[in-house]
Amino acid sequence: MLSRTLCYTLQGIEGAPVTVECFAGGGNQFQFIIVGLPDTAVKESRDRVQAALKNSGFIMPYGHTTVNLSPADLKKEGSLFDLPIAVSIIAATQQVKMYAMEHILLLGELGLDGRLIPVKGALPLVISARTNGVKQVVLPKDNAPEVASVSGIEVYPAGCLFDVVAHLSGKALIEKQQQLSYEDCLKKAEVSLDLQMIRGQHAAKRALEIAASGGHNMLMIGTPGSGKTMLARSLPGILPLMSEAESLETTRIYSSAGLLPTGMGLMTQRPFRTPHHTASAASLIGGGTDARPGEVSLAHNGVLFLDEMPEYPRKVLDALRQPLEDGFATVSRVKARARYQSRCMLVASMNPCPCGYYGSKVRQCRCGSHEIRKYLDRISGPLLDRIDIQVEVDAVPIEDIIAKKDEESSLDVRHRVERARNIQKKRFENTNIRANAQMDNKALEKYARADDAALDFLKKAMDRYGMSMRAYTRMLKVARTIADLNERENITLPDVAEAVQLRTIDKKYWGSGHEA
């Protein structure tokens, strides 16, 4: 007999439909084969399925059994095919009569005792199935929270193979999961490091607020122990809460990479990724034999923090230029190709010199000019040009640390950031732009209108500091964000002056040289 079940396979962060066909042909010799370009994990499902069938009270047919994964020219990866293969065998051998299997998505790895084990990529697979008109999905219980906010599809969480067969045969229906609204998911969001915990550093906090309001890249240069890392870690707390669309995008990437914790629902906190400085270009951009997403994509809709930026290999840093500019990373390998979104804020920190105290007010620098130049040259000019905001961070005086003065909380700053983002949301309605930092030249010309005094000041700053055209457009974007924070329709001179002030640090360190 012939039977068919429906499954999906993961390609990047998208799902492709796969029909699982089973033919039990009989014969005098046991033979069980799986065809249709399966990888090792799929081939090994033969042993898992046989044991699961027997331990669940079903029979593995004796004779020739062929399972075909169609389309045959599409590579099938992972253990999620165990459940549809087992169900198709049971149906083909008429052990239990089941209904409408070709229209129900089946996902799940089988344990040897027949229990269902969670699989990676459940969210993108269910979303793709829903897009293609699938109305029901049966999957492991531990994957159910992951898809709890996907509307338009019925989710049936199952514990074992026997429960799935009983459900499909109508003998004992599995209780349908009650889907949650995105607002319910937001209630579970936790607060990250609060700005209240950081004493002083008012200029750096102002720069963080501007960066968060417009989605701008940021570089902090300062002495060791001045609070650069704490400032960076507090950034997710002042960023606006993720929209449902952003949450789905980010969770899909984590789910496809197998990094979503078991039993976790949608990600409601913006990601904060901190790769080690020994990270390779492949781990940062994406790679491996199966074209996995890299750190820049795992930080999508969040923050990619590079601590001690000059310690990263220069080639690795330069590889970030294209994903940061275009908002996506294309990973091509011999056996796989995938495109991942990578719209994130790049936040970096560094010391001004190898010893860390060049220009410090509290300690003398012991580095020579050649050492400083060699250290700073690890960061290329084109990458620096893509960092909109640059700020110096020096040690906080002990008087400010022990002073009993209330600092502004992250929640207070977030309210201002959200007001500025709401202005941008209305401005960029019906476009694919979400923040000022993402404006192209056409949008910049339309929405970043500045008065004559502001433009004249910007031109003079360009001439004085020898800035590039990219620096010009990025300063204009920052000025647009500052104007939004002040709820001004047009960019004025104070907005441009502050934007220029936040862009001139690189001229101090990477300009005409250094004196030890």
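A few notes on this one:
- Between Tyr62 and Gln322, the simple label model (points 7 Å from Cα in the Cβ direction) yields a spacing of 5.9 nm.
- Local electrostatic count, Asn55, Cβ distance below 10 Å [Lys/Arg +1, Asp/Glu -1]: +1
- Separation of segment 299-330 from segment 129-150 is 33 Å, based on Cα centroids.
- DSSP bridge pairs, the chain: antiparallel proportion in percent, nearest 5: 45
- Percent carbon-and-sulfur accessible area, the chain, ignoring ligands, DNA and RNA, probe 1.4 Å: 49
- Antiparallel bridge percentage (DSSP; both residues within segment 92-210; nearest 5): 25
- Residue ranges 11-21, 353-363, 28-38 sort as 11-21, 353-363, 28-38 when ordered by packing (mean number of other C-beta atoms within 10 Å per residue, highest first).
- The angle between the Cα long axis of helix 469-485 and the main principal axis of the chain comes to about 90°, on a 0 to 90 degree scale.
- Each residue of segment 307-314 is assigned a 3J(HN,Hα), and the resulting list reads 7, 6, 3, x, 6, 6, x, 4 Hz, derived from the Karplus form 6.51 cos²θ - 1.76 cosθ + 1.60 (θ = phi - 60°), x at Gly and Pro.
- Shape class of segment 176-229 from the alpha-carbon gyration tensor: prolate, with a/c at 1.5 or above and a/b greater than b/c.
- Part-to-part distance (alpha-carbon centres) for segment 395-466 and segment 52-91, which is given in Å: 56
- Working from Cα pairs under 8 Å separated by at least six residues, relative contact order for segment 121-199 is 24 percent.
- Equivalent ellipsoid, segment 383-471 (semi-axes from 5 times Cα gyration tensor eigenvalues, Å): 31, 23, 13
- Note, ³J(HN,Hα) from phi for segment 260-269, Karplus 6.51, -1.76, 1.60, rounded to Hz, x at Gly and Pro: 7, x, 4, x, 8, x, 5, 6, 9, 9
- Legend: translational diffusion of the chain by Stokes-Einstein, Rh = Kirkwood radius over C-alpha pairs, 4 °C, 1.567 mPa s; D = 51 µm²/s.
- Whether segment 214-295 is rounded, prolate or oblate, judged on the alpha carbon gyration tensor where a/c under 1.5 counts as rounded: oblate
- Surrounding net charge for Gly170, when Lys and Arg each add one and Asp and Glu each subtract one, Cβ distance under 14 Å: +1
- For segment 1-126, averaging the sequence separation of C-alpha pairs within contact (under 8 Å, six or more residues apart) and dividing by the residue count gives a relative contact order of 36 percent.
- Helix 452-465 and the longest principal axis of the Cα set of the chain meet at an angle near 90°.
- Peptide ranges 498-511, 315-328, 336-349, 170-183 listed from the most packed, as the mean C-beta count within 10 angstrom indicates: 336-349, 498-511, 315-328, 170-183
- Helix 82-92 axis versus longest C-alpha principal axis of the chain: approximately 20°, rounded to the nearest ten.
- Rounded to the nearest 0.05, the FRET efficiency derived from the C-beta distance between Asp451 and Asp385 at R0 = 35 Å is 0.85.
- For the pair Val362 and Ala245, label points projected 7 Å from Cα toward Cβ lie 4.5 nm apart.
- Scanning residues 5 or more positions from Tyr358 or on other chains, those with amide H under 5 Å from its amide H are Cys353, with H placed 1.01 Å from N in the peptide plane.
- Ranked by the mean number of other Cβ atoms within 10 Å of their residues, highest first, the peptides 271-281, 233-243 fall in the order 233-243, 271-281.
- Contour excess over end-to-end distance, with Cα ends at Tyr472 and Asp39 and 0.36 nm allotted per residue: 150.8 nm
- Sequentially through segment 50-63, phi angles give Karplus couplings (6.51, -1.76, 1.60; θ = phi - 60°) of 4, 5, 5, 4, 5, 6, 9, x, 10, 10, 7, x, 8, x Hz, Gly and Pro residues having no value and appearing as x.
The values are calculated or read from the model by the stated rules, or taken from the named source; none is laboratory data. Keep in mind it's a predicted model, so treat the numbers as computed, not measured. Note that each Cβ is placed from the backbone with ideal geometry, even for glycine, and that neighbours are counted across all protein chains shown. Accessible surface is based on the protein model in full, side chains and every heavy atom, while ligands, DNA and RNA are left aside. Shrake-Rupley method; radii C 1.70, N 1.55, O 1.52, S 1.80 Å.
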